[in-house]
2 protein chains.
Amino acid sequence: MTKKPTKTALPSATRAGAKDPIPARSEEAPASNRATRAAERRAAIVEAAMDEFIARGFAATRLDDIAKRAGVAKGTIYLHFKDKESMFEELVRIVIVPVVARLTTLPPPTGTVRELIETFASNFLKEVIGTRRGDLVRLIVAEGPRFPSVADFYYREVVSRGIAAMRALIELGIARGEIREKDLARYPQILVAPAMIAVIWQSLFARHAPLDAQDMLRVHLDLIFGERRTT
Amino acid sequence: MTKKPTKTALPSATRAGAKDPIPARSEEAPASNRATRAAERRAAIVEAAMDEFIARGFAATRLDDIAKRAGVAKGTIYLHFKDKESMFEELVRIVIVPVVARLTTLPPPTGTVRELIETFASNFLKEVIGTRRGDLVRLIVAEGPRFPSVADFYYREVVSRGIAAMRALIELGIARGEIREKDLARYPQILVAPAMIAVIWQSLFARHAPLDAQDMLRVHLDLIFGERRTT
DNA sequence: GGAATATGACTGACTGGTCAGTCATGGTCA
DNA sequence: TGACCATGACTGACCAGTCAGTCATATTCC
């Protein structure tokens, strides 16, 4: 349909993450190339839409607000997205894919399993907890039931892969004797549960009772791996 | 609507002749008393509103739909609630308070700490996971940021109490030597995290990959208490 | 008891405002 | 110049909240 961006084949790698916070407002960099400008606008729209959807949820978000924040006219949004709904769905994909790409590019498996998981947890802390990506997770939990395609996508691309990766690590840990609880491999959810709780906690309750997510995850790993290592 | 021939003034003699309850509404009980009827309607509105809010979220829920589902006119809702927003806030209170009341009525502290926690987990499984109350938790996660008063209430009434109760149990477990990881008392969140994940999982992913919450919680307790007990 | 009257719960058509999506017009780049 | 973009005023659907009117029930009075 109005799906056009793919054909112009511009490296969407340009953005999707959280690069320039500057809206295309002041055209300091005219970006003479037309396709480039279009890409910038698209990126600005994605950026603005993320913020608005996270702040208000799908239904309460106004396209006028997204347009204003992105520094474009409302009609421009419809040059890039079919409608509000497909915009939301596409948005989730655009933002999540690079994150998955980065997180699944695991570091070379050196050291103990605990070290591997600690590295992973550390990345997760930096990249997700307390960031806008964490809010995105909350948004998916919130809107998932009304957007089955989003929930499906999220399950397929993030959850199932994450679970599989964690299971592999757990099994390695069991094989190496680092982890005693063999049944843990059946429920990798247990391994990631505190991290997810931390994400949600930061969104909802940080104001009431700040949570030291890093310390909590350390304690959780102590629980799984047994005796504390001196950090 | 069940209501139809208002205009054609059917003779009230019909009514006078028979004392029988007017079957105007569906299979409703007569509810002779006025105050009782009002209470019933209020309850019906709360019930309907819960379903609608859970299914659609706050912003996307139409009061017309709530009214239709509750079998009342829209105006009636405004006899019981100030507006949509305060209705939502009150709703959360109405539904949560009795749950908290029940769950905090702890059973007599007999047996091991593990048994206490297992009882608690078992109740939680029955009463929350996979039920509408579980969906309510998801709803609060979803709408919390936009309803600080709801998030505050939920933190005060549910989260802080729950955390405190869990901490007490953990400390008891440590004192009795059932729990080795002493730092766990600093993060009772770790104890409840898998239960919360189970709630969310059932809402979002049960379709893709059903989760045996009970078994998962058992494994988690094995992790915390050490060796398996024969169940 | 029961007729007459008062009450207020309930109704639903209506209003005013909001917002997704459109499109005629005007600007820009190749 | 002409193809392509971008714009933002506009439209129509939709919906929260209102209120004048209805009528079942309660109260009063004989």
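Only a single criterion out of (1) within 15 Å of DNA strand D (Cβ to nearest atom); (2) at pLDDT 50 or above is not satisfied by residue A:23, namely (2). Residues in the range A:136-154: is at least one under 20 Å from residue A:99 (Cα atoms) and in contact with a Leu (Cβ under 6 Å, 6 or more places away or on another chain)? Yes, the range A:136-154 has at least one match.
Would you check which residues across the range B:200-220 are touching a helix residue (DSSP H, G or I) at 6+ places or on another chain (Cβ under 7 Å), surrounded by fewer than 18 Cβ atoms within 10 Å (Cβ to Cβ) and not in a loop (DSSP other than H, G, I, E, B) and list them? Of everything in the range B:200-220, just one residue is touching a helix residue (DSSP H, G or I) at 6+ places or on another chain (Cβ under 7 Å), surrounded by fewer than 18 Cβ atoms within 10 Å (Cβ to Cβ) and not in a loop (DSSP other than H, G, I, E, B), namely B:214. Of all residues in the range A:73-90, those that are surrounded by fewer than 17 Cβ atoms within 10 Å (Cβ to Cβ) have Cβ atoms under 6 Å from Cβ atoms of residues that are outside any helix (DSSP H, G or I), 6 or more apart or on another chain, in A:82/A:1; A:82/A:2. Restricting attention to the range A:75-107 and to residues that are under 24 Å from residue A:160 (Cα atoms) and within 14 Å of another protein chain (Cβ to nearest Cβ), the residue that is farthest from DNA strand C (Cβ to nearest atom) turns out to be A:92. Across the range A:31-88, the number of residues qualifying as of a type in the set (Lys, Arg) and more than 22 Å from residue A:136 (Cβ to Cβ) comes to 3.
Might you let me know whether the range B:206-218 holds any residue that is of a type in the set (Asp, Glu) and more than 28 Å from residue A:152 (Cα to Cα)? No, there is no match, as no residue in the range B:206-218 is of a type in the set (Asp, Glu) and more than 28 Å from residue A:152 (Cα to Cα).
Of A:50, A:87, all but one fail to be in a helix (DSSP H, G or I), at pLDDT 95 or above and either away from DNA strand D (no atom under 16 Å from the Cβ) or touching a Pro at 6+ places or on another chain (Cβ under 6 Å) (or both); the exception is A:50. If you go through the range B:108-129 one residue at a time, do you hit one that is within 14 Å of another protein chain (Cβ to nearest Cβ), buried (at least 19 other Cβ atoms within 10 Å of the Cβ) and not in a helix (DSSP H, G or I)? Scanning the range B:108-129 turns up at least one residue that is within 14 Å of another protein chain (Cβ to nearest Cβ), buried (at least 19 other Cβ atoms within 10 Å of the Cβ) and not in a helix (DSSP H, G or I). The residue that is farthest from the chain's Cα centre (by Cα), among those in the range A:54-67 that are part of a helix (DSSP H, G or I) and within 11 Å of DNA strand C (Cβ to nearest atom), is A:64.
Here residue B:196 fulfils each of the conditions (1) at the interface with chain A (Cβ under 7 Å from one of its Cβ atoms); (2) in a loop (DSSP other than H, G, I, E, B); (3) in contact (Cβ under 8 Å) with a residue 40 or more places away in the chain apart from (2).
The values are calculated or read from the model by the stated rules, or taken from the named source; none is laboratory data. Worth saying up front: this structure is predicted, and the values here are computed from it rather than measured. Counting neighbours? That spans all protein chains shown, and the Cβs are built from the backbone with ideal geometry, glycine included.
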